[in-house]
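Comments concern the structure below.
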Amino acid sequence: MDSINSISKGTFLFANGMDLKQLKRQKPSSFRNEEYSQEWCNSFQKVWKMIEAKIERIQSESYERTLSSLLTYIRDANTNDPNLQTAVLLTGVNQIDHFKQLDLLSQKISNNCFSMVSILKSRDCSNNIKYTIESLVGGLIYGHVNNDDSENIHLKLKKKQLTLSVLEAWYHNRFGSAEHKPKLVIILADFEQFPTNILQDFVSILCSYSSRLPLVLIIGLATAFKTLHSVLPFHITNKISVNIFQAESSSSMLNRILDEVILTHHCPFFLSGKSFKILLDIFLFYDYSLQSFIQGFKVFMLEQYSTNFFTSIYTIGSVYTGMFEKITHEDCEWLRRNCLSFRRYVEAHEDPQTRIDLITNDEKLKQFIPKKSCRALRFYFQFFCCLRMLAVLIEDLPRNNLGKQLRELYPICAETDITKLEEFQNCFKLLRFTSKDKFLAKLDKIIKILNEYISDEILHENLRNNFTCVWDKLLNYRVKIFEAGMTPTKSPGESNGSTITQSTAKINTKGIIGRHEMLQKLKESAMNQPTKIVVEYERLLCKCLDYIYEVFERHLIPLTKGPVLTEIFLFSDCNSVRRHIVGAPRSSIHNALVNPHHYLQCKCCAVKENEQILSTMPDISVAYKLHLECNKFINLFDWLQSFSMVIENNNDEEENISPEIQAKFTRSVAELQFLGFIKQAKQKTDHVMRLTW
């Protein structure tokens, strides 16, 4: 391996031999020149800032409800109570987003309450109770002193002197004569990650000081309230006064972000059903982290803008008209190769000359793009409007296999023609049995959705007229259904049937015809009668549902089967960036150790076969490849001898092994143990056991 001289430990970046010209050949429309890179970057940043601002507004609104009640509790906390004032914040099952919430809580307390705050995290307090107390006292004292006093305190107090007794003396020294004294707020960010013995000792010590210091303890719980009782015994919980605060769950906040930001028509960037399903599955089955979901969406968006020139032309409600002049021949070829809707449009066009021009003439294609791309954007407007209408209709239906939330409906509607599905047909059959009040409530919601789309400023005039037409008809149906009665309507078939029955009975009494003939007459009369008594409300309900079904058939079609150039705004190449979001650390580590040339790109580590072992490889790679040749238990001495033979290129097993080789081997074994490939064997002291096969 190439030698590296450094006086300090660090991470070194090895160039993997990728040439910039080669990169340009791979993606001609992505990195053509510096000017274009700046243009797509500006377009991406403009759209992302809008999305990020909306997401932060939703999160702050969600946090604000919980934080306001917490701030009120801290202000009104009775610190004269002998019991320790404790607030338990139930934040959900994700630690990454918890820290963001608790940092925001710390800032709110510092700005809105006369209090001093210290946040304790498990990674800083996992050694023993002494470090935990030092972190607490240091955070309270050093974080809330003047610049002049800070130097004196640093000179007087060493780390081992940071105790609660010192905190008590400092607090009374500084605020003893003040009329209003600040409260000392302690936040345990990740309660479940703290060692149990440290938590018990820490809370017990705080309880003993609660009568001398105005302490308020805030516990961030990710699981459930019963975790507090399982960690803290009764003799400790008996000394604390607990109040519970529930934060909004990650799933409900994700639904709000999807409904108001991501699954809307306001952004000229849309995810295919598979891409969206990847992000949703990671959220639901891996980490439940909003932050990971948002960053994954950002990665998809970044990939789309960097590789698709045409997406950069369109931003929120506007078009970079000057960008059309910068479309190159490579961009036109990219469009012809990658847009299936464009190819379908060309093949289906009747005029042969137009087809030739679109395929061979770049100028004709440049004139074709603006009009058709705006039409594609209008298609997405219609799609999302109908998607929300459908979600309102089926959200409370029993036996609904399509899903009751927008995040469940979107991948189905984006990938398949939902109106042809059996589940969709069953939902509309169930809707025909909806009560009048419920259906009127659904119609009100649908009319409100249409009204929001009609009043949107960026909506095209033709599309506004279409939505207005649908809005008028549904409003008309709403008025008729509201005025419709629930009494059965009379039909002429009823009187005819009764007359036939009476005449048949008379004929039968006179003995003119027999019993068989009478039954035939009764069957014929039953066929002439209506099979069901029709109510006026039911008739109007069926008509309204039929009209809504027609609207869905026209506009709720798969994204890949939309009008021409819909792929400009649709990200569907999820496999190319999936490895950036869903990592595979085990396979990556194995590949790095078996073939370090893959990452280092140094000639000395290049091998023709993976089984080959070179002395120039890193020590850990040599040790790893040797351990793959062993069974479950590995003799350390035999392993050391094989390691020495590879490193020194010496086949003499009887030669003494140098201390340098022993040190390299010991370090490699320790690194493999840290990575989880081996562990010490309990049966034999001079053996280690393999953990992977």
Exercise. Report the full-extension gain for the segment residue 230 to residue 361: residue separation times 0.36 nm, less the Cα-Cα distance, to one decimal in nm.
Key: 39.8 nm
Quiz item: Are there GluC sites (Glu not before Pro) in region 167-200 that DSSP marks as loop and that have at most 12 other Cβ atoms within 10 Å, and which are they?
Solution: 179
Quiz item: Tell me, what is the 1.4 Å probe accessible area of residue 277, in Å² to the nearest 10?
Solution: 90 Å²
Quiz item: Between residue 415 and residue 295, how many nm apart are label points set 7 Å from Cα along the C-beta direction?
Solution: 2.6 nm
Self-check item: Accessible area in the full protein assembly, largest first, 1.4 Å probe, for 408, 422
Solution: 422, 408
Quiz item: Where Lys and Arg each count +1 and Asp and Glu each count -1, what net charge lies around residue 680 among other residues with Cβ under 15 Å from its Cβ?
Solution: +3
Practice problem: Please work out how much length the chain gains when fully extended from residue 516 to residue 430, using 0.36 nm per residue of separation minus the C-alpha to C-alpha distance, in nm with one decimal. | Solution: 26.9 nm
Self-check item: Accessible surface of region 77-248, 1.4 Å probe, proportion on carbon and sulfur as whole %
Solution: 48 percent
Quiz prompt | Theoretical FRET efficiency, 1/(1+(r/R0)^6), r = Cβ-Cβ of residue 75 and residue 197, R0 41 Å, to 0.05 | solution = 0.75
Exercise. Run the 1.4 Å probe and let me know the accessible area of residue 362, rounded to the nearest 10 Å².
Key: 30 Å²
Quiz item: Solvent-accessible area per residue for region 312-445 at a 1.4 Å probe radius, Å²?
Solution: 50 Å²
Exercise. Find the all-direction average of the projected area of the Cα convex hull for region 361-487, expressing the result in square nanometres with one decimal place.
Key: 10.1 nm²
Self-check item: Spin-label pair residue 445/residue 469, simplified geometry with 7 Å Cα→Cβ offset, distance in nm
Solution: 2.7 nm
Self-check item: DSSP-assigned coil residues among GluC sites (Glu not before Pro) in region 589-672, each with at most 11 further Cβ atoms within 10 Å
Solution: 609, 611, 629, 653, 654
Practice problem: Could you list the square roots of 5 times each eigenvalue of the Cα gyration tensor of region 585-690, that is, the equivalent ellipsoid semi-axes, sorted largest first and rounded to whole Å? | Solution: 22, 18, 11
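Pairs to check: 404/438; 277/404; 226/404; 436/480; 448/480. Give those whose C-alpha atoms are more than 21 Å from each other in this structure.
Listed pairs above 21 Å: 226/404.
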Quiz item: If R0 is 45 Å, what FRET efficiency do you get for residue 237 and residue 638 from their C-beta distance, rounded to 0.05?
Solution: 0.20
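The values are calculated or read from the model by the stated rules, or taken from the named source; none is laboratory data. Remember, predicted model here, so these are calculated numbers, not experimental data. Methodologically, a virtual Cβ is constructed for each residue, glycine included, from the backbone with ideal geometry; neighbour enumeration extends over all protein chains shown. Surface areas here come from the heavy atoms of the whole protein model, side chains and all, with no ligands, DNA or RNA. Shrake-Rupley method; radii C 1.70, N 1.55, O 1.52, S 1.80 Å.
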